[in-house]
Amino acid sequence: MKLLNPRGFGLVCASAAVAGGLVLAGCANTVEGTPTANQVQVTSYRAEAASSSAAAASSKAAAATAKATADNCDPFRKITGTAVDRYNEFVDAHDGNAADQIAKRDTAASALEDAAKTVETQVGASGSDLQADLGQKFTDYVTAARSLAAEVRKMTTSSSVSPLNDASRKVNDALTAVRNACPAK
């Protein structure tokens, strides 16, 4: 901001170099009066400074949101894909009454629980930088995956598959919701 001299006088100053790198400066004339600010310029400057500050804050927030989205969406397919593979292996073993269906059941339940924990940890680490609606979709997946893991653990060779199928549908719905909300890769 420039301060304007009300009389339009300027200062006449001189400077001289002194040995050792010092510079002396002095003014030959003084100007009397009271400096005043041009209020139009002051108002304009303040508005520009506020706008610039808001733009910087907005840009920083957008970058944090983009990072949180990438940190959660990018690994989601791989993390959940492993759990889906283990679950499908269990379903095949159960449907085929395979000898290793109990081992595959336990592996599937653990994979679902691990995926839920990993997703939940990443969402928590992102905090408020992750958009609330996307964060809720991840949380819905975590809840559904844990429910499916619990149903998987209950399965025996003679168990009804109805509760398992219901829980599986909820996981599929949650997976689809997250995948649709995440940017395409």
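Using a cut-off of under 16 Å, list every residue of the range 149-185 whose amide N is near the label point 7 Å from the Cα of Asp74 along the Cα-to-beta-carbon line. Once the point is set 7 Å along Cα→Cβ of Asp74, 182-185 turn out to lie under 16 Å by backbone N, inside the range 149-185. Rounded to the nearest whole Hz, the Karplus-based 3J(HN,Hα) values (6.51 cos²θ - 1.76 cosθ + 1.60, θ = phi - 60°) of the range 107-115 follow the sequence 5, 5, 4, 5, 5, 5, 5, 5, 4, with x at glycine and proline.
Evaluating 6.51 cos²θ - 1.76 cosθ + 1.60 at θ = phi - 60° for every residue in the range 130-140, the Karplus couplings come out as 7, 4, 4, 5, 6, x, 5, 5, 5, 5, 4 Hz, glycine and proline recorded as x. Normalised by 2.2 N^0.38 Å, where N is the number of residues, the alpha-carbon radius of gyration of the range 61-107 equals 1.78. A full extension of the chain between Thr176 and Asp114 corresponds to an added length of 20.4 nm, given 0.36 nm per residue minus the alpha carbon distance. Only protein atoms count toward the accessible area here, which uses a 1.4 Å probe; on the range 91-185, the carbon and sulfur part of that area reaches 48 percent. Suppose every Lys and Arg Cβ carries +1 and every Asp and Glu Cβ carries -1, with no other charges. What dipole size does the range 46-185 come out with about its Cα centre, to the nearest 20 debye? The calculated dipole for the range 46-185 is roughly 280 debye.
Surface exposure of the range 119-185, expressed per residue as accessible area with a 1.4 Å probe, stands at 56 Å². Once both labels are positioned 7 Å from their Cα atoms along Cα-to-Cβ, the gap between Lys60 and Ile102 label points is 5.8 nm. Summarising the overall dimensions of the range 46-185 from its C-alpha atoms, the Rg and Dmax are 19.5, 76 angstrom.
The values are calculated or read from the model by the stated rules, or taken from the named source; none is laboratory data. Note that this is a predicted model, so its numbers are computed, not measured. Every residue, glycine as well, gets a Cβ built from its backbone with ideal geometry; the counts of neighbours run over all protein chains shown. Ligands, DNA and RNA are stripped out before the accessible areas are found, and what is left, the full protein with its side chains, is counted by its heavy atoms. Shrake-Rupley method; radii C 1.70, N 1.55, O 1.52, S 1.80 Å.
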